[in-house]
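Report on the structure given below.
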Amino acid sequence: MANLTSTEISKLNKMNRAAQDVSLGTILSVAPIGGVVTASAPQANASAVIIDTGLDANTGYTVQRFNSGSALLSYVTNTSGSLVISAVTGGDAIVAGDVFNWLAW
């Protein structure tokens, strides 16, 4: 999803009476995007998974990591529109097949 321009936000905010009280364009302009990424062998060997969110910058994010249905802890760094995910020190290493569910806004 592409970011809305200020003109599009303004038009959506004014499009009908129902939207006037909720600033629909403003709400939609920060709607989260997300996806699912499965770690590959090269990512496991590098001990990091990098997810390009497609945003210029992330103001917030959430990431869940699973392996064989079990939730695992990860360390996430938010860097210029990308999420860099690595294992927590002393935690489970990233392995091929780990599944990462993510949302960014």
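The values are calculated or read from the model by the stated rules, or taken from the named source; none is laboratory data. Everything numeric in this text was worked out from a predicted model, so none of it was measured. Using ideal geometry, Cβ is built from the backbone for each residue, glycine included, and neighbour counts are taken over all protein chains shown.
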What number goes with the only condition from (1) of a type in the set (A, V, I, L, M); (2) modelled with pLDDT of 85 or more; (3) not in a helix (DSSP H, G or I) that Ala44 does not pass? (3)
Give me the residue from the range 47-60 that is out of contact with any helix residue (DSSP H, G or I) (no Cβ under 7 Å at 6 or more places or on another chain) and part of a strand (DSSP E or B) and, out of that set, farthest from Asn101 (Cα to Cα). Ala48
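Determine, yes or no, whether Gly69 is over 9 Å from the mean Cα position of the chain (by Cα) and assigned by TED's automatic domain parsing to the domain that holds Val36. Walk me through it before giving the result.
On the way: over 9 Å from the mean Cα position of the chain (by Cα): yes; assigned by TED's automatic domain parsing to the domain that holds Val36: yes.
It is true that Gly69 is over 9 Å from the mean Cα position of the chain (by Cα) and assigned by TED's automatic domain parsing to the domain that holds Val36.
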Which residues, taken from the range 6-35, are at pLDDT 80 or above and loosely packed, with under 11 Cβ neighbours inside 10 Å? Ser6, Thr7
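Scanning for something of a type in the set (D, E, K, R) and closer than 26 Å to Lys11 by Cα, does the range 76-93 turn up at least one residue?
In the first step, residues of the range 76-93 are kept if they are of a type in the set (D, E, K, R); the result is 92.
Next cut, closer than 26 Å to Lys11 by Cα only: none.
Taking every residue of the range 76-93 in turn, none turns out to be of a type in the set (D, E, K, R) and closer than 26 Å to Lys11 by Cα.
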How about the range 96-105: which of its residues are closer than 11 Å to Ala44 by Cβ, among the aliphatic types (A, V, I, L, M) and surrounded by 15 or more Cβ atoms within 10 Å (Cβ to Cβ)? none
Look at Asn58 and say whether it is among the polar types (S, T, N, Q), at pLDDT below 85, surrounded by 14 or more Cβ atoms within 10 Å (Cβ to Cβ) and under 21 Å from Ala104 (Cβ atoms). yes
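Residues that are outside any strand (DSSP E or B) and among the hydroxyl-bearing types (Ser, Thr, Tyr): does the range 78-86 have at least one? I'd like the intermediate steps shown before the answer.
At the first step, the residues of the range 78-86 found to be outside any strand (DSSP E or B) are 80-81.
Narrowing the set further to residues that are among the hydroxyl-bearing types (Ser, Thr, Tyr) leaves 80.
Yes, some residue in the range 78-86 is outside any strand (DSSP E or B) and among the hydroxyl-bearing types (Ser, Thr, Tyr).
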